[in-house]
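Q: What follows is a single structure, and I will ask about it in a moment.
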Amino acid sequence: MNDETLRVGDTLRVSCAFTPTRVVKVSDWDVSIVWPWEQVDPASEVRWDGQYAIPRRQGSSESRLSLFQTDPAPWTLSAGGSCSVGIPEQLVRVIDIGHFDPPQDVGWLPRPHTMLLVIPVDYEDPEGLAEGDTISVPSVAPIRFELA
């Protein structure tokens, strides 16, 4: 699929194969894992540490909006432990699209030229305030998305 043909309001079927990783730290709010895909961009002005935070509170709006999930569940993980991270197949709605030329400096490589902001199709957001989650294009993560 060509990401340039997508429009706000489109419904996508999204998934990403689960990949083994390590838990770095755990807080009341999230679990930080070593991100197994993109690499730190040494030329970036953004100082990304190679970690990714997964919401930890079961049933929270943050956990419902997060595409990436851990296996086992984040509330069962401990620092130093192992888990897998990926996206179980789900339907999402595109709520915003950013196109960048030159590609966006986000702290990792490859720098994305498109960022899709998405929320689950069944997420109730009557005031339109949900921040959603992003899909970066290109991405080293094996994210699959297609029009549903």
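Q: For region 117-126, which residues satisfy the criterion of being among the aliphatic types (A, V, I, L, M) and farther than 12 Å from Thr11 by Cβ? Break it down stepwise before answering.
A: The first filter runs over region 117-126 and keeps only residues among the aliphatic types (A, V, I, L, M), leaving 117-119, 121.
Leu117, the sole residue that qualifies.
Q: Right, something else. Going by the structure shown, is Gln104 open to solvent by 50 Å² or more (accessible area, probe 1.4 Å), on the phi < 0 side of the Ramachandran plot, in contact with a His (Cβ under 8 Å, 6 or more places away or on another chain) and in a loop (DSSP other than H, G, I, E, B)?
A: In short, yes.
Q: Which of the residues spanning region 29-39 are loosely packed, with under 14 Cβ neighbours inside 10 Å and either among the acidic types (Asp, Glu) or part of a loop (DSSP other than H, G, I, E, B) (or both)?
A: The one that is loosely packed, with under 14 Cβ neighbours inside 10 Å and either among the acidic types (Asp, Glu) or part of a loop (DSSP other than H, G, I, E, B) (or both): Trp29.
Q: Please state which of the following conditions Val26 fails to meet, knowing it meets all the rest: (1) open to solvent by less than 60 Å² (accessible area, probe 1.4 Å); (2) of a type in the set (A, V, I, L, M, F, W, C); (3) out of contact with any helix residue (DSSP H, G or I) (no Cβ under 9 Å at 6 or more places or on another chain).
A: The single condition Val26 does not satisfy is (3).
Q: May I ask you to list pairs of residues, at least six apart or on different chains, whose Cβ atoms are under 6 Å apart, with the first in region 118-139 being surrounded by 20 or more Cβ atoms within 10 Å (Cβ to Cβ) and the second being of a type in the set (Phe, Trp, Tyr)?
A: none
Q: Val140 - would you say it is of a type in the set (A, V, I, L, M, F, W, C), over 12 Å from Val14 (Cα atoms) and not in a loop (DSSP other than H, G, I, E, B)? If you could, list the steps in order and put the result at the bottom.
A: Numbers: of a type in the set (A, V, I, L, M, F, W, C): yes; over 12 Å from Val14 (Cα atoms): yes; not in a loop (DSSP other than H, G, I, E, B): no.
Considered against the rule, which asks whether it is of a type in the set (A, V, I, L, M, F, W, C), over 12 Å from Val14 (Cα atoms) and not in a loop (DSSP other than H, G, I, E, B), Val140 comes out as no.
Q: Now, a different point. Out of Gly128, Gly107, I need the residue that is among the small types (Gly, Ala, Ser) and either touching a Gly at 6+ places or on another chain (Cβ under 9 Å) or modelled with pLDDT of 95 or more (or both). Which one?
A: Just a single option satisfies the conditions, and that option is Gly107.
Q: Applying the selection to region 58-74, what residues are in a helix (DSSP H, G or I) and in contact (Cβ under 8 Å) with a residue 40 or more places away in the chain?
A: Within region 58-74, Ser61, Arg64, Leu65, Pro74 meet the criteria.
Q: Further question on the same structure: Based on what the data block shows, is Val34 touching a Ser or Thr at 6+ places or on another chain (Cβ under 9 Å) and either more than 18 Å from Glu146 (Cα to Cα) or among the charged types (D, E, K, R) (or both)?
A: Answer is yes for this residue.
Q: Restricting the search to region 40-75, which residues are of a type outside the set (Gly, Ala, Ser), surrounded by 13 or more Cβ atoms within 10 Å (Cβ to Cβ), farther than 21 Å from Arg13 by Cα and out of contact with any Ser or Thr (no Cβ under 8 Å at 6 or more places or on another chain)?
A: Residues satisfying the conditions are Val40, Asp41, Trp48, Trp75.
Q: Identify, please: which residue in region 1-23 is farther than 20 Å from Ser82 by Cβ and charged (D, E, K, R) and is, among those, most open to solvent (accessible area, probe 1.4 Å)?
A: Arg7
The values are calculated or read from the model by the stated rules, or taken from the named source; none is laboratory data. Model, not experiment: these values are computed from the prediction. Please note: Cβ atoms are built from the backbone with ideal geometry, for glycine as well, and neighbour counts cover all protein chains shown. To get the accessible areas, we keep the full protein, side chains included, count just its heavy atoms, and leave off ligands, DNA and RNA. Shrake-Rupley method; radii C 1.70, N 1.55, O 1.52, S 1.80 Å.
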